[in-house]
Amino acid sequence: MDTNVTNKTKWGLAGISIPIMLWTLIPILWILATSLKSTTALADQGANVFGNFWPKNISWENYSLIFTGGAKDLFVPALWHSVVVCLAATVISVVLATFCAYAIARLEFPGKKAILLTALTVSFFPVIAMVTPLFNLWRILGLFDTLPGLIIPYITLTLPLSIWILTAFFQQIPWEMEQAAQVDGASSWEAFVKVVAPLALPGVFTTAIIAFFVAWNDFVFSSNLTAARAQTVPAALNSFTGASQFTQPTGAICAAAVVVTIPVVILVLVFQRRIVAGLTSGAVKG
Amino acid sequence: MSTVEDTKTGARSARRGEKKPQISDRTRGERKLGWKLAGPAFLVMILVTFYPIAYALYLSLFNYRLTDPAARKFVWFQNYITSLSDPLFWKATGITALITIITLIVELVFGMAIAMVMNKIVLPRKTLRTIVLIPYSIITVVSAFSWLYAFKFDTGFVNHWLHFLSFGAFDPTYNWFGGTWSSLTIICLSEIWKTTPFMSLLLLAGLAQVDQSMEEAAKVDGASWWQTQVKVVFPSMKAAIMVAVVFRALDAFRIYDNPYVMTGGANNTDTLSMLVGRETVTRAEIGMGSALAVLLFIFVLIIAGVLVRGFKVDLTGDKN
């Protein structure tokens with residue numbers, strides 16, 4: 001698909017991508033810049049360059065605060081919880097949703113509209129209204145402030161969304177090709193692995209990324225269904241306090257934000273290859 | 001391939017036809033397999049979400065304050081009547097709808113443009129695709145803080161940059177969070193920055209599924225770039241567009257973190273979710289909070305219904 005792009009289009013698109021990247025990156029750089037500012041630089045505009053953007057002297061004090069200093073016991077376990085809980089919820093949701101979406105897109109059976117409708121309805125319910133009932137139930141079941149006690153609500157956040165996205169993807173796969181492969185002598189399994197799976201993979205990985213981000217982002221469940229032993233990063237950030245009650249923890253929040261963003265960027269990079277591979281194989285179909 | 005089509009239509013007419021109650025073994029097998037595959041997901045969804053939703057509906061009929069459980073009283077639909085007759089509720093609804101419409105339109109246009117660039121781009125391809133995704137991976141609360149600090153006149157840089165770019169015409173001490181419209185602008189900007197990647201990712205995946213040969217055929221037939229997009233590309237990725245728009249609209253309508261962090265609802269920037277949050281968490285008025293949540297839920301369902309109808313896409317694949 002790259003070959004039919006003319007040179008002019010190629011450079012034109014490269015040019016267009018620059019403002020897109022700037023728009024995306026400036027707020028990111030800003031978080032990074034703020035995380036590198038010392039307490040004095042945060043208060044004094046003279047200590048920064050580029051119109052109060054970048055600090056003249058880089059300071060690591062915010063990072064030492066969250067990793068070895070006062071916020072360590074709050075931040076480090078929270079980071080670990082976030083990773084475990086979000087990965088578990090993502091894997092469970094995407095596996096369940098893949099089967100479900102395959103069935104809906106591919107098979108004839110009564111009730112599939114009901115499943116889609118339920119998924120949609122469930123995902124529309126305001127999260128904040130589920131907190132009180134879950135809080136009561138979790139205390140009875142002993143799930144309050146445990147990792148499974150967060151994984152389960154995160155499945156409710158990610159599963160309906162995954163089912164919908166995947167069904168839309170699977171809908172676009174030309175299933176006739178699977179039959180054609182079988183006619184050409186491939187077994188059902190071979191036809192599935194060689195024809196359907198490559199077309200379905202970009203959808204599955206895209207869904208996994210979205211599901212992971214949704215879970216990673218949650219603040220409401222984590223701050224209300226956990227106390228200390230299972231808190232995730234967004235809720236922990238909220239408990240950050242400054243050095244004294246009059247200083248805002250601006251720098252510490254930004255440092256934590258940078259740290260939290262790094263694993264996700266790595267994740268995106270890892271999945272990226274799969275997505276690109278999947279998308280290109282999807283593009284040469286037909 | 002034609003035999004497959006025949007079996008499928010056969011199964012369908014068997015399901016519809018009242019005169020033929022007998023179904024073939026193949027159909028029965030397909031139905032069983034269908035539920036075997038879809039059942040677990042359905043079961044999990046029902047188990048985990050049905051109870052909280054039903055309980056919230058039940059609570060919404062009570063006058064129930066968490067700090068005073070003894071005074072809990074069944075009041076029928078009193079909470080709903082109180083909310084619906086309160087101008088504060090309608091103001092929050094209006095603000096929420098405004099934010100939803102603005103961000104949705106901007107994000108759809110931006111998201112589509114970015115997806116198209118990402119689809120065809122050759123040069124900084126991987127870099128672009130990775131960079132575009134980053135905002136979506138940033139926790140909303142964090143991104144809200146970042147935009148708040150950036151636009152504040154004491155800690156921020158935006159006023160300095162605007163002052164420089166406008167050759168000194170822009171007042172560097174301008175307070176963005178002092179008025180309704182300027183606050184809403186930042187809330188929308190931050191929301192757009194944060195969630196456009198979601199749109200473009202879904203749209204990109206849709207774009208990649210569009211049949212290239214059809215696009216080329218349109219080009220050979222003399223269609224302009226725009227005609228090709230409107231007549232060939234957009235219709236083929238309708239399902240992807242619908243999913244992106246529906247989920248974005250519903251998410252935007254439940255906006256909470258951004259206005260919460262930036263204004264806390266000052267200057268008339270309260271959204272519906274913030275009302276719900278304030279009632280349930282801050283004021284511990286569980287009954288009223290649940291009623292507001294149910295109303296928000298009903299609004300969202302109406303939006304979803306309108307959008308899904310409007311797009312006329314049937315994901316179950318019954319293309320009649």
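The values are calculated or read from the model by the stated rules, or taken from the named source; none is laboratory data. Everything numeric here is computed off the predicted structure, so don't read it as measured data. Every residue, glycine among them, receives a Cβ derived from its backbone with ideal geometry; neighbour counts consider all protein chains shown. Surface areas here come from the heavy atoms of the whole protein model, side chains and all, with no ligands, DNA or RNA. Shrake-Rupley method; radii C 1.70, N 1.55, O 1.52, S 1.80 Å.
Which one of A:43, A:198, A:160 is farthest out on the positive end of the charge dipole of chain A, using unit charges on Cβ (Lys, Arg +1; Asp, Glu -1) and the Cα centre as origin? Towards the positive end, the residue furthest out is A:43. Partner aspartates and glutamates whose Cα lies under 20 Å from the Cα of residue B:36, excluding those fewer than 8 positions away in the same chain, are identified as A:108, B:25.
Counting Cβ atoms of other protein chains within 10 Å of each Cβ in A:129-142 and taking the mean gives 5.
Each helix, a run of at least 4 DSSP H residues, gives -39500 (n - 2.57); summed and divided by the residues of chain A, these come to -23500 deg cm²/dmol at 222 nm. Over the C-alpha atoms of the protein assembly as shown, the Rg to Rh ratio, Rh being the Kirkwood estimate, stands at 0.98. Note on the stretch A:26-139: Rg/Rh from Cα positions, Kirkwood definition for Rh, rounded to two decimals, is 1.22.
Principal axis analysis of the Cα atoms in the stretch B:26-144 yields extents of 67, 53, 26 Å, listed in decreasing size. Legend: helices of chain B (whole DSSP H runs) are marked when their alpha-carbon atoms reach 24 angstrom or more along the helix axis and their mean Kyte-Doolittle hydropathy is at least -0.5; marked are B:25-59, B:87-120, B:180-208, B:286-311.
Filter the cross-link list B:120/B:152; A:194/B:120; A:194/B:312 down to pairs whose alpha-carbon distance in this structure exceeds 28 Å. Pairs exceeding the cut-off: B:120/B:152; A:194/B:312.
Using the Cβ-Cβ distance between residue B:33 and residue B:234 with R0 set to 41 Å, the FRET efficiency works out to roughly 0.75. Across chain A, the relative contact order, built from alpha-carbon pairs under 8 Å that are at least six residues apart, equals 27 percent. Counting only Cβ charges, +1 for Lys and Arg and -1 for Asp and Glu, the dipole size of the protein assembly as shown around its Cα centre is about 1000 debye.
Ordering B:290, A:140, B:27 by the projection of their Cα atoms onto the charge dipole of the protein assembly as shown, which places +1 on the Cβ of Lys and Arg and -1 on the Cβ of Asp and Glu, puts B:27 at the extreme positive end. At q = 0.10 Å⁻¹, what is the base-10 log of I(q)/I(0) for the stretch B:186-320 according to the Debye formula with one equal point scatterer per Cα and no solvent? Please give it to two decimals. Cα-only, vacuum Debye calculation for the stretch B:186-320: -0.50. Here chain A is treated with +1 on each Lys and Arg Cβ and -1 on each Asp and Glu Cβ, and its dipole about the Cα centre works out to around 220 debye. Against the compact-protein benchmark of 2.2 N^0.38 Å, the Cα-based radius of gyration of chain A scales to 1.24.
Using the average count of surrounding beta-carbon atoms within 10 Å as a protection proxy, the listed peptides B:147-156, B:49-58, B:28-37 rank, highest first, as B:147-156, B:49-58, B:28-37. Here the simple spin-label model places points 7 Å from the Cα toward Cβ, and for residue A:137 and residue B:311 these points are separated by 2.8 nm. How big is D for the stretch B:85-141, in µm² s⁻¹ as a whole number, if Stokes-Einstein is applied with the Kirkwood radius of its Cα pairs at 4 °C and 1.567 mPa s? For these conditions, the coefficient is 93 µm²/s. Database remark: amide H of residue B:62 closer than 5 angstrom to the amide H of B:75 (H placed geometrically; neighbours at sequence offset of 5 or more, or on other chains; Pro and chain starts carry no H). Taking every residue in A:50-56 and counting other chain Cβ atoms within 10 Å of its Cβ, the average works out to 5. Against the compact-protein benchmark of 2.2 N^0.38 Å, the Cα-based radius of gyration of chain B scales to 1.27.
Grab the beta carbon distance between residue B:211 and residue B:127, set R0 = 41 Å, and tell me the FRET efficiency rounded to 0.05. So the FRET efficiency works out to roughly 0.90.
Pairs of Cα atoms nearer than 8 Å and 6+ residues apart set the relative contact order; for chain B it is 25 percent. Among the trypsin sites (Lys or Arg not before Pro) within the stretch B:172-237, not one is in coil by DSSP while having at most 11 neighbouring Cβ atoms inside 10 Å. Take each uninterrupted DSSP H stretch in chain A, measure its Cα extent along the helix axis, and return the ones at 27 Å or beyond whose mean Kyte-Doolittle hydropathy is at least 0.0. Those that clear 27 Å and a mean of 0.0 are A:7-35, A:72-106, A:148-172, A:197-217, A:250-283. Projected label points at residue B:98 and residue A:228, each 7 Å from Cα along the beta carbon direction, are separated by 4.4 nanometres. Of the trypsin sites (Lys or Arg not before Pro) found in the stretch A:47-147, those that fall in a DSSP loop while having at most 15 other beta-carbon atoms within 10 Å are A:56.
Averaged over peptide A:203-212, the number of partner chain Cβ atoms lying within 10 Å of each residue's Cβ comes to 3. Taking only protein heavy atoms and a 1.4 Å probe, the accessible area of the stretch A:51-194 is 70% carbon and sulfur.
A 1.4 Å probe run over chain B, with the rest of the protein chains in place, finds 47 Å² accessible per residue.
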